[in-house]
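The values are calculated or read from the model by the stated rules, or taken from the named source; none is laboratory data. Only a predicted model underlies this, so the values are computations on that prediction, with no experimental measurement involved. Note: ideal-geometry Cβ built from the backbone for every residue, glycine included; neighbour counts use all protein chains shown.
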Amino acid sequence: MRIRLEPRVDPARWLSAAATIGAVIVALVISGAIIAFVGGDPILSYLHILNASFGSVGVLSDTLVTATPLILTGLACALAFRMRLWNIGAEGQFLLGAWGASAVVLAGLLPPGTPAIVYLPLMAVAGMLAGAFWGLIPGLLRARLGVNEIISTLMLNYVALFWLQFWVFGPWSESGFQQTKAFPREAWLPRLSDFSAAVPGLGGLTVHLGLVFGLIAAGILWLILERSRWGYEIRLIGDSPRAARYAGIDIARNVIVVFAVSGALAGLAGMSEVAGSVHRLQDRISPGYGFTAIIIAYLAKFHPGRVVIAAILFGALILAGREIQPSGVPAMIQGIILFALIVADTLVRYRLRFEGRAPAAPAPTPPPGATASGAGGPAG
Amino acid sequence: MDLTLVLAAGVAAGTVLLFAAVGEIFAERAGVLNLGVEGMMLMGAVAGFSTSVSTGNPWLGLIVAMVVGGLVALLHAVVTIHLRADQVVSGLALTFLGTGLARVLGEGLTNRPAATLPHVTIPILAEIPLAGPILFRDQSVLVYLGFLLVPLAWFWIERTRPGLHLRAVGEHPAAADAQGIGVYRLRYAYVVLGGVLAGLAGAAITLAISPGWFGDQTVNGRGWIAVGLVIFARWNPIRAAIGAYLFGAIFRFIIDVQGVHSILGIENPFLAGRSSTFFLEMLPYLFVVVVVILGSRSATRQRIGAPAALGIPYVRGERGV
């Protein structure tokens with residue numbers, strides 16, 4: 001039997017959405033089968049994830065806290081991917097951002113008692129600069145020397161991790177532990193629970209200002225991508241580099257700038273995490289946010305608004321998945337979702353036709369029984 | 001620190017990278033980029049190790065690891081060759097999937113003892129001055145398999161008829177198709193072969209070179225280093241071998257230097273437990289970046305022979321490269 005792919009001329013919009021949702025469902029079913037295979041209870045696991053992430057206002061708040069770094073790193077990846085620039089280094093840029101923001105606090109340059117209004121903007125700028133610097137390296141290497149950005153960003157992730165470990169285990173170590181001392185209160189991003197004196201219902205809610213950073217960044221990125229000339233250039237380069245070149249767009253410059261902005265977004269995620277959630281720098285500051293961000297960007301089809309939604313879903317998975325045994329389950333589910341998504345993508349772009357093994361008389365239209373179009377039904 | 005022992009251990013560590021890099025060379029020469037090496041290695045590592053733990057037979061583990069590596073690669077083959085998905089994204093998905101699945105399957109395998117593959121000394125060759133003790137004394141059987149694989153892979157690709165077909169499929173699939181070469185069939189075969197070798201590389205870690213299962217730390221980026229090596233090697237197995245052994249030696253040196261109190265009379269700043277060792281541990285990854293810069297610079301893509309159709313799905317009857 002042969003399979004032939006026929007391009008769909010004009011795939012319906014709902015088909016793409018249906019395929020994405022269908023892919024996630026199929027991925028969850030497959031993951032459930034694997035969980036059952038290794039002796040777990042998939043239904044209980046999924047119910048636990050739902051309950052421990054959306055079950056009450058308190059856990060919903062924790063879910064949003066976990067989603068905050070994912071929104072910002074997801075946006076970082078979405079921007080780069082939109083230009084077909086494979087920035088796999090959001091993880092390293094996140095770590096550098098966390099380091100840069102911490103340096104503002106721990107370098108001892110600011111006198112004790114410096115107000116938050118000075119601390120926090122400085123930390124945000126330092127985090128973004130550090131992340132942008134870490135993104136600039138692969139950007140420059142790609143634009144000037146043609147170095148594959150996948151390899152360079154990946155390797156720089158490891159370098160960033162060791163750099164962070166050096167400071168956390170060495171100069172900034174709190175009496176030999178793998179963490180720095182806690183930041184002063186002035187270096188904490190405001191949380192909802194800080195206002196519980198005025199509004200009693202907010203007690204214990206950990207959502208912090210970083211979430212607002214993420215939402216604002218998503219809005220700005222949407223404006224840039226969809227409503228600005230620069231965004232048009234990025235989209236054109238992503239869709240057709242050749243056309244972009246003919247149009248006189250400076251691709252090398254865009255590579256460098258997009259990498260820097262992407263790195264700055266991931267760096268801001270690192271700042272938001274240390275200042276909003278952890279309140280110190282530590283070795284295991286990221287459970288792989290920068291890698292999950294890749295899947296989030298892909299799930300969102302590089303659309304900033306959908307990145308926010310996808311980040312909340314994956315935040316739930318990571319938060320609630322911490323207590324699920326075996327411990328690799330959330331990572332596995334993420335991988336299977338990405339696989340299902342790319343298969344779904346093909347099914348949206350092409351109609352699958354299954355043909356018999358006898359191609360002697362080329363049949364222009366296969367018999368209706370042999371037609372199968374996945375995930376969708378009629379379209380185009 | 002005995003330099004001979006360090007280099008011998010470096011050759012052993014390099015063997016892991018070698019299998020993975022040669023496997024990736026096969027896939028890429030056929031025109032299919034597979035960035036899932038890290039995931040395939042982890043799947044091979046966990047499959048081989050758990051088989052050895054439960055059956056006590058490391059050879060069976062090795063075979064299972066290769067089969068599993070091939071099966072995981074088959075997933076990539078179906079998605080990228082038939083379904084024409086983006087090879088970059090599919091490869092990344094394969095890494096995520098392999099990493100997560102290996103962690104799930106490897107749950108409870110840490111600190112379990114497993115039978116490992118034997119070490120062998122080659123009688124006469126081991127007596128060769130300098131090279132003998134490094135290459136042929138008390139090495140794992142897989143190290144010798146690596147010695148055999150490199151010239152065989154080179155000869156197969158560059159000097160045989162099937163190798164010519166392989167190169168044709170990677171350089172100009174439409175022309176190869178017109179010649180009656182089965183483009184899809186060969187691409188499937190070499191992507192799966194790449195997976196088999198990545199599975200072998202994974203099992204080489206857990207069953208031979210540094211036995212044991214340590215979760216996703218078991219492979220710890222070596223799959224990605226292998227992908228970088230392929231660019232450095234300009235898709236040539238012999239250059240890949242040189243790079244692999246070089247990296248193996250660097251990895252070993254980094255481990256060993258942390259146990260030395262002084263180097264040439266100077267107090268060792270990289271002594272284990274000091275925070276400066278982290279700079280030492282950055283080195284291999286920085287080195288990959290340097291090596292890839294050199295590989296990219298030494299000539300533009302055409303002249304160094306990146307397969308012309310690398311990364312591009314082949315569609316029969318469609319205008320392409």
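Just one of A:ALA107, A:ALA67, A:ALA103, A:ALA116 is in contact with an Asp or Glu (Cβ under 6 Å, 6 or more places away or on another chain) and either more than 20 Å from A:ASN254 (Cα to Cα) or hydroxyl-bearing (Ser, Thr, Tyr) (or both); which is it? Of A:ALA107, A:ALA67, A:ALA103, A:ALA116, the one residue that is in contact with an Asp or Glu (Cβ under 6 Å, 6 or more places away or on another chain) and either more than 20 Å from A:ASN254 (Cα to Cα) or hydroxyl-bearing (Ser, Thr, Tyr) (or both) is A:ALA116.
Can you spot a residue in the stretch B:221-243 that is more than 14 Å from chain A (Cβ to nearest Cβ), under 14 Å from the mean Cα position of the chain (by Cα) and among the charged types (D, E, K, R)?
First pass over the stretch B:221-243, keeping only residues more than 14 Å from chain A (Cβ to nearest Cβ): B:236-242.
Now narrow it down to the ones that are under 14 Å from the mean Cα position of the chain (by Cα): B:236-242.
Those left that are additionally among the charged types (D, E, K, R): B:239.
Within the stretch B:221-243, one or more residues are more than 14 Å from chain A (Cβ to nearest Cβ), under 14 Å from the mean Cα position of the chain (by Cα) and among the charged types (D, E, K, R).
When A:ALA197 is tested against the conditions (1) within 27 Å of the chain's Cα centre (by Cα); (2) at pLDDT below 95, the lone failure is (1).
Please find, among B:GLY146, B:GLY106, B:GLY182, the residue that is within 14 Å of chain A (Cβ to nearest Cβ) and crowded, with 19+ Cβ neighbours inside 10 Å. Lay out the reasoning, then the answer.
Numbers: B:GLY146 fails: within 14 Å of chain A (Cβ to nearest Cβ); B:GLY182 fails: crowded, with 19+ Cβ neighbours inside 10 Å.
Only one candidate passes the filter, namely B:GLY106.
When A:PHE37 is tested against the conditions (1) surrounded by 13 or more Cβ atoms within 10 Å (Cβ to Cβ); (2) among the aromatic types (Phe, Trp, Tyr); (3) within 14 Å of chain B (Cβ to nearest Cβ); (4) farther than 30 Å from A:PHE133 by Cβ, the lone failure is (1). Just a yes or no: is a residue in the stretch B:62-72 surrounded by 18 or more Cβ atoms within 10 Å (Cβ to Cβ), more than 20 Å from the chain's Cα centre (by Cα) and within 13 Å of chain A (Cβ to nearest Cβ)? Scanning the stretch B:62-72, I find no residue that is surrounded by 18 or more Cβ atoms within 10 Å (Cβ to Cβ), more than 20 Å from the chain's Cα centre (by Cα) and within 13 Å of chain A (Cβ to nearest Cβ), so the answer is no.
Applying the set (1) free of Cβ contacts under 8 Å to residues at least 40 places away in the same chain; (2) of a type in the set (D, E, K, R); (3) crowded, with 19+ Cβ neighbours inside 10 Å to B:ARG222 leaves exactly one unmet item: (1). The residue that is surrounded by the fewest Cβ atoms within 10 Å (Cβ to Cβ), among those in the stretch B:86-97 that are in contact (Cβ under 8 Å) with a residue 12 or more places away in the chain and facing chain A (nearest Cβ under 7 Å), is B:VAL88.
When you go through A:ILE249, A:ILE234, A:ILE312 one by one, which is the residue that is of a type in the set (A, V, I, L, M) and surrounded by fewer than 20 Cβ atoms within 10 Å (Cβ to Cβ)? Outline the logic, then answer.
Values: A:ILE234 fails: surrounded by fewer than 20 Cβ atoms within 10 Å (Cβ to Cβ); A:ILE312 fails: surrounded by fewer than 20 Cβ atoms within 10 Å (Cβ to Cβ).
Of A:ILE249, A:ILE234, A:ILE312, the one residue that is of a type in the set (A, V, I, L, M) and surrounded by fewer than 20 Cβ atoms within 10 Å (Cβ to Cβ) is A:ILE249.
If you check A:ARG242 against the conditions, is it more than 23 Å from the chain's Cα centre (by Cα), away from chain B (no Cβ under 14 Å), of a type in the set (D, E, K, R) and surrounded by fewer than 20 Cβ atoms within 10 Å (Cβ to Cβ)? No, not satisfied.
So, in the stretch A:6-19, how many residues would count as being outside any strand (DSSP E or B) and within 14 Å of chain B (Cβ to nearest Cβ)? Outline the logic, then answer.
Filtering the stretch A:6-19 for residues outside any strand (DSSP E or B) gives A:8-19.
Remaining after also requiring within 14 Å of chain B (Cβ to nearest Cβ): A:8, A:19.
Total meeting the criteria: 2.
Candidates A:ALA300, A:ALA310, A:ALA264: the one that is in contact with a Gly (Cβ under 6 Å, 6 or more places away or on another chain) and within 21 Å of A:ARG84 (Cβ to Cβ) is A:ALA264.
Hey, A:ASN148 hits all of (1) modelled with pLDDT of 95 or more; (2) out of contact with any Asp or Glu (no Cβ under 8 Å at 6 or more places or on another chain) but one; which does it fall short on? Unmet for A:ASN148, out of (1) modelled with pLDDT of 95 or more; (2) out of contact with any Asp or Glu (no Cβ under 8 Å at 6 or more places or on another chain): (1).
For the stretch A:109-147, a residue qualifies if it is free of Cβ contacts under 8 Å to residues at least 60 places away in the same chain, within 18 Å of A:MET83 (Cβ to Cβ) and of a type outside the set (A, V, I, L, M, F, W, C), and exactly one does: A:GLY146. Restricting the stretch A:138-155 to residues that are within 7 Å of another protein chain (Cβ to nearest Cβ) and within 18 Å of the chain's Cα centre (by Cα), which is surrounded by the most Cβ atoms within 10 Å (Cβ to Cβ)? Applying the filter and picking the extreme gives A:LEU154.
Of the residues making up the stretch A:170-191, those that are surrounded by fewer than 20 Cβ atoms within 10 Å (Cβ to Cβ) and either more than 9 Å from chain B (Cβ to nearest Cβ) or not in a loop (DSSP other than H, G, I, E, B) (or both) are A:GLU174, A:SER175, A:GLY176, A:PHE177, A:GLN178, A:GLN179, A:LYS181, A:ALA182, A:PRO184, A:ARG185, A:GLU186, A:PRO190. Checked against the criterion of being touching a helix residue (DSSP H, G or I) at 6+ places or on another chain (Cβ under 9 Å) and away from chain B (no Cβ under 14 Å), the candidates A:ALA160, A:ALA124 yield just one match: A:ALA124.
Working only within the stretch A:71-129, note down all residues that are charged (D, E, K, R) and more than 18 Å from A:SER286 (Cβ to Cβ). Answer for the stretch A:71-129, where residues must be charged (D, E, K, R) and more than 18 Å from A:SER286 (Cβ to Cβ): A:ARG82, A:ARG84.
Checking the condition in a helix (DSSP H, G or I), at the interface with chain A (Cβ under 10 Å from one of its Cβ atoms) and modelled with pLDDT under 85, which residue from B:LEU294, B:LEU283 passes? I'd like the intermediate steps shown before the answer.
Working: B:LEU283 fails: modelled with pLDDT under 85.
Result of the check over B:LEU294, B:LEU283: B:LEU294.
Filtering the stretch A:240-282 to residues that are without any contact (Cβ under 8 Å) to a residue 60 or more places away in the chain and part of a loop (DSSP other than H, G, I, E, B) leaves A:SER240, A:ALA247, A:GLY248, A:ILE249, A:ASP250.
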